[in-house]
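One structure is given here, and the rest of the page talks about it.
Please treat every number below as a calculation from the coordinates, not as lab data. None of these values were measured; they are calculated from a predicted model. Using ideal geometry, Cβ is built from the backbone for each residue, glycine included, and neighbour counts are taken over all protein chains shown.
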Amino acid sequence: MNIKIKGEIRFIGKDTFVDGKESNHVFKILVIEEKDGCYLAIHCWDEKIDQVKALKLGEEVEIDCRLESHRNKKNGKWFHKILVA
């Protein structure tokens, strides 16, 4: 599902490198505080990191994102994550 996240940047994580089975990846996490006080963690993977490199703490932003749902392979429970679109 595609969504827009609007709010103020409260945290910008460091690039984190992950060794995959087929290829290597890098990701970064942004935390945005919405107007109603909710905090959302947004994952930026691989080429999407370039879209957020210029962002600064405290900056008001509107980011196009994608909401994904996945089932945990070990316990069968659902989890959700927000990704930069």
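Helix-derived [θ] at 222 nm for the chain: sum -39500 (n - 2.57) over DSSP H runs of at least 4, divide by residue count, nearest 500? Mind dumping the intermediate values first?
Numbers: 1 runs with 4 residues, N = 85.
Result for the chain: -500 deg cm²/dmol, rounded to the nearest 500.
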| Of Lys21/Lys53; Lys53/Lys73; Lys6/Lys28; Lys21/Lys81; Lys35/Lys74, which ones are farther than 29 Å apart at the Cα? | Lys53/Lys73; Lys35/Lys74
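Report, in debye and to the nearest 20, how large the dipole of the chain comes out about its Cα centre when Lys and Arg carry +1 and Asp and Glu carry -1 on their Cβ.
On the way: 16 positive and 15 negative charges, 100 e Å.
In total the dipole reaches around 480 debye.
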| query | Hey, what do the phi angles of segment 15-29 turn into as Karplus ³J(HN,Hα) couplings, whole Hz, using 6.51/-1.76/1.60 and θ = phi - 60°, x for Gly and Pro? | reply | 5, 10, 9, 10, 8, x, 5, 9, 7, 9, 9, 9, 9, 9, 10
| Of (i) 1.09; (ii) 1.03; (iii) 1.15, the label for Cα Rg over 2.2 N^0.38 Å derived from the coordinates | (iii)
